[in-house]
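Structure first, then comments.
Each value in this text was obtained by applying a stated rule to the coordinates, not by laboratory testing. Here the structure is a predicted model, which means the values were calculated and not measured. Neighbour counts are summed over all protein chains in view; Cβ atoms, including those assigned to glycine, are modelled from backbone coordinates with ideal geometry.
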Amino acid sequence: MQKTIQAIIHATSHIILGKEQQVKLSLTCLLAGGHLLIEDLPGMGKTTLAHTLAQVLGLGFRRTQFTSDLLPADIIGVSVFDRNTSSFQFHAGPIFTNVLLADEINRATPKTQSALLEAMEEHQVTVDGNTHLLPQPFFVIATQNPKHHIGTFALPESQLDRFLMRITLGYPDAQSERALLKNQGGRANASSIQAVCDADGLLKLQQQVHQVHVSDALLDYLQALIQYTRTQTNEGLSPRAGLGLRQCAQAWALIDGRDFVTPEDVQAVLPSVVAHRLAQDGNSNIAKQILDQVAIT
Amino acid sequence: MNRLLTPQHLKWLLVSLAVVLGTHIPNLPLWVIMASISFGTWRYLLDRYQWAMPKIWALLPITLIICVGIIVTFKGFFGRDASLSLLVVMCSLKLLETKTLRDYMLVIVLAYFLVGNLFLFNQTIATFGLSIAPLILLTATLINISFKDAGKQRDIQFTLKLAAQLLLQAVPVMLILFVLFPRIPGPLWGLPQDANSGMTGLGDSLQFGNISNLTKNSAIAFRVQFKNAVPERNQLYWRGPVLWHQEDRSWTMSSSKIGLQPEIAKVSGNPIQYTMTLEPHNRLWMLMLDLPTLIPQDARLTHDYSVVANKPVRTRLRYDAISFSSYQLGLSLGERERLLSLQINEGENPKTVQLAESWQGLSAVDKINTALKRYREQPFVYTLKPPRLDDNPVDDFLFNTKRGFCEHYATSFVYLMRAAGVPARIVTGYQGGEYNPNGNYYIVRQSDAHAWAEVWLAERGWVRVDPTAAVSPERIENGISDALDETDELPLMARPDYPWLKKAYLNWDSVNNGWNQWVLGYDDKKQLDFLKKLSGKNLNLMHMLIGMVSIIAVIMGLTTYFLVKQQKAKLNPAQRIYAQYLKQLKRAGLTPNNGETVLHFAARAADALPHQQTLIMDIAQRYNIITYSASPKPLLLEKLAQLIKQFHVNKQQ
């Protein structure tokens, strides 16, 4: 099991150079069964990361470029009248896959965004009164440009909350940059990569995450963190966010090869889990503030 | 501290201030109460509807108006009542600029002070009881702002309970401070003049109606505890001011006391020893049983054998005294005294004078007996509601109305004696008393006030004659309630009906008496006596201070010790071992930050102490496993203990 995880990270890191931490976090998010939001400037490797992950995990992968004229039906699918059978036939949209890359999600209109987000929460779509289940596992990896870019619709808070994690990639370091320039990584090589896992393997790993032990001492710490956000900041973490934090910490511990969660795990995942939920008032240091203020029990 | 008030905080503050205001209602003028309530309501509405706080230029005129109001009501800023009113109204005005928790604290501290001010008005058990509720509320209000947890902020019952607990925990410290805090002789600070208004007691003159008015007052004049035998009830004459001088309807003490010879007393029989606890009455009289021989300190004997204090009695006085019931007083009567004790105004009360002159030839004793016989045989009535008397009051009373109270009998008798040529004077004071079996002492009330006569006989000196006893022997034998038909005029406590009420009252009074003796009466002398009994040594101020500070220090030290121990007991074994390890690291100047995890701290420590890097990381790993893994092996703990024992920080590192 541990081998699989290490292989996934190793393979992905071959493509996404010098971003092992981000690769680990993305995998954490997928292992915890949540959707991932990658926020960064264009050309930082967001799409590559999503694409690579899907490929390494051996999952079905679809990519949809979100634009302002994209309609919900373009993602979910449409019912088309079939003259032969004299009935409506549902033509599944790109959402029927394991990993949906919603590229530049904040370029779409709120209507389209919410159609996607509903599917994310329910793991099913309903068209013309018929409910269609999405394949298992199902992830959305959305990428978005920073809000201040022209032609974007900021995701509302309620929808941000549906993303378990938000990560940013940032510029590569000098060494990785040089390797990249030498054409030793990046998207060009992504298609050559071998899958080291498959959908069943991933579901098993997800099962494994639930087995990671969370001690009472750690629950105390988690509660203190959640309580701190509720009393000392304008908006507190929702119970869903609290659960998500626990699951991410468990997944992180699993990736680290442990069967119990330590405060280090919580601290490692906390910025990615809480920052997009709490930073509404522009306080970008909120995660650091929480971690510095709350004592470890 | 500069957090803003929440509506929850404000509600607590307003409610507790309202209760504090409630306890002070009898001490404040109506407009101050109304103003305070309206400021409080205003503040509530500001919060309720999110209106803007009033600006300083709006508050300034209000402050000015209040100051003028205080000056007009109390004729100035000084004195207890004016200061209290000012404090109350300013405290409630302060609410209108109370925004942050710092302001909130200020108002609470002021409110605590206001509760303390209750004791400037009186120091009874009831006041003490009254102060408890506001104290708990104020403490709860303080607790309320200390909670960061919104859920606990809302739990009223929990907060009140915690406040009561905190106050209870303060009781031992309070008791130690009470017993050991050095008492300064006399009051700690001078109470302003108006603090003594409203005290009742005997006046220094006697007019018709004086004493019968006093009789309607059930306030306690003094309490007496006899040390050995208790005299007969008809001997319980408590001597107060002696009145010599008659002017129209009023009797006063002699107009000029200069040159009057002190009377000499000869006593015989057994001494009566007793302890008096005199309630403050703002006059000089220190009442003593007839005839006093041992008088308390800070008091002196007047020439006519009443005892006066050197300054008005404004605090409760407790003193030991000795009296004798058989005595001879003033065997020789000086010429000035004779003139004074025979003084009546020419032309007044002709019928009385005529009657007295008709007794010419009789001896002095016979004159007295004839007069008393007249009171006894003619239809004289002892009543609280005597009719008004005309311009010759003694005539009108003796020959016409024949209805009167002790002052009528005493004055008419003395007048009659003086007209008949027998030197006589009026003595005022109290007669009788009520026995309280619960505390084995006597209660004497204002309603026991009395006036009687003393006549001077050659060879016997001044002899007490009580004409009231001739008219109404029950008054002297059984007390005032037996002597009157119209008992409804009397205060409730002097009435004979409701025996259970009486019993309850006597119980309550004995509690009160104990409070007076042991709590309020615990002055410098008592303190020294008590500590001497306790320690067997004479203690001085320094001893007391040192003792007080050290006992409190010991109590606080013990409390802290147990609290810390309790805290430690909550730690599990791994945490305890790890705490030792942290102590070691502290010597190298390494302490974990608030949000720093064990591993992160270990990494930092390993950087600082590279020689022990492996050990430090090992300890951290193992500690994490023990603390957070599902079922750590017991061996791990032992291994951790071993590793930590290996770990040493050299100071050089």
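General observations
- Segment A:1-94 - convex hull of the alpha-carbon atoms, volume per residue in Å³: 146 Å³
- Partner lysines whose Cα lies under 20 Å from the Cα of B:Lys94, excluding those fewer than 8 positions away in the same chain, are identified as B:Lys11, B:Lys55.
- Lysines whose Cα lies under 28 Å from that of B:Lys385, excluding same-chain neighbours fewer than 8 positions away: B:Lys216, B:Lys351, B:Lys373, B:Lys402, B:Lys502
- Cα principal axis extents for segment A:211-297, largest first, Å: 37, 22, 22
- Compactness relative to 2.2 N^0.38 Å, alpha carbon Rg of segment B:338-471: 1.13
- Formal net charge of residues neighbouring B:Asp248 (Cβ-Cβ distance under 11 Å; K, R +1; D, E -1): -2
- For segment A:2-195: Kirkwood Rh in Å [reciprocal of mean 1/r, alpha carbons]: 17.6 Å
- Under 5 Å from the amide H of A:His132 lie the amide H atoms of A:Val125, A:Thr126, A:Val127, each residue being 5 or more positions distant or on a separate chain, with H modelled from the backbone and absent for Pro and chain starts.
- With Cα atoms, 0 to 90° folded angle of helix B:613-628 axis to chain B main axis: 60 degrees
- Cβ-derived FRET efficiency at R0 41 Å, B:Asn213 paired with B:Lys351, nearest 0.05: 0.90
- Applying a DSSP loop filter and a limit of 11 other Cβ atoms within 10 Å to the chymotrypsin sites (Phe, Trp or Tyr not before Pro) in segment B:390-456 leaves nothing.
- Structural descriptor for chain B: relative contact order 12 percent, calculated from alpha carbon pairs under 8 angstrom and at least 6 residues apart.
- Temperature 4 °C, viscosity 1.567 mPa s: under these conditions the Stokes-Einstein estimate for segment B:210-249, based on its Kirkwood radius over C-alpha pairs, is 95 µm² per second.
- Entries in B:Lys266/B:Lys526; A:Lys19/B:Lys586; B:Lys227/B:Lys532; A:Lys24/B:Lys586 that, when Cα-Cα distance is taken, lie over 25 Å: B:Lys266/B:Lys526; A:Lys19/B:Lys586; A:Lys24/B:Lys586
- With at most 13 other Cβ atoms within 10 Å, longest stretch of chain B clear of loop GluC sites (Glu not before Pro) (DSSP): B:1-231
- When the trypsin sites (Lys or Arg not before Pro) in segment A:102-153 are filtered for DSSP coil states and for at most 14 other beta-carbon atoms within 10 Å of their beta-carbon, the remaining sites are A:Lys147.
- Each 5 Å bin, from zero up to the one with the longest distance, holds this percent of the alpha carbon pairs of segment B:573-646: 3, 16, 29, 29, 15, 6, 1.
- Cleavage-rule hits, trypsin sites (Lys or Arg not before Pro), segment A:170-257, DSSP coil, Cβ neighbours within 10 Å at most 13: A:Lys182
- For segment B:7-169, the equivalent ellipsoid derived from the Cα gyration tensor has semi-axes of 26, 22, 11 Å, listed largest first.
- Taking a straight line from the alpha carbon of B:Lys537, these aspartates and glutamates sit under 17 Å away, with near neighbours fewer than eight places off in the same chain left out: B:Asp524, B:Asp529.
- Using the alpha carbons alone, the radius of gyration of the protein assembly as shown stands to its Kirkwood radius in an Rg to Rh ratio of 1.26.
- Largest-first principal axis extents, alpha carbons of segment B:205-500, Å: 53, 46, 33
- log10 of Debye I(q)/I(0), alpha-carbon scatterers only, for segment B:219-321 at 0.14 Å⁻¹: -0.61
- Across all Cα pairs in segment B:66-142, the calculated P(r) in 5 Å bins from zero up to the longest distance comes to 3, 14, 21, 20, 20, 14, 8, 1 percent per bin.
- For chain A, the longest principal axis of the Cα atoms and the long axis of helix A:20-31 meet at an angle of about 60 degrees.
- Taking every DSSP beta bridge that has both ends in segment B:205-500, the antiparallel portion is near 95%.
- Percent antiparallel among DSSP beta bridges (both partners in segment A:14-104, rounded to 5): 55 percent
- Considering only beta bridges that DSSP places wholly inside the protein assembly as shown, some 75 percent are antiparallel.
- Chain B, helix-only ellipticity at 222 nm - DSSP H runs n ≥ 4, -39,500 (n - 2.57), divided by all residues, nearest 500: -15500 deg cm²/dmol
- In whole angstrom, chain B maps to an equivalent ellipsoid with semi-axes of 74, 31, 21, each derived as √(5λ) from the alpha carbon gyration tensor and ordered largest first.
- Normalised contact order of segment A:211-297, rounded percent, pairs of Cα under 8 Å and 6 or more residues apart: 37 percent
- Of every Cα-Cα pair in segment A:99-178, the percent that sits beyond 18 Å: 50 percent
- Chain A, relative contact order in percent, only Cα pairs under 8 angstrom and at least six apart counted: 24 percent
- Helix-only [θ]222 nm of chain A, DSSP H runs n ≥ 4, -39500 (n - 2.57) each, per residue, nearest 500: -14500 deg cm²/dmol
- Computed lengthening from B:Leu106 to B:Thr614, 0.36 nm per intervening residue step minus Cα-Cα distance: 177.4 nm
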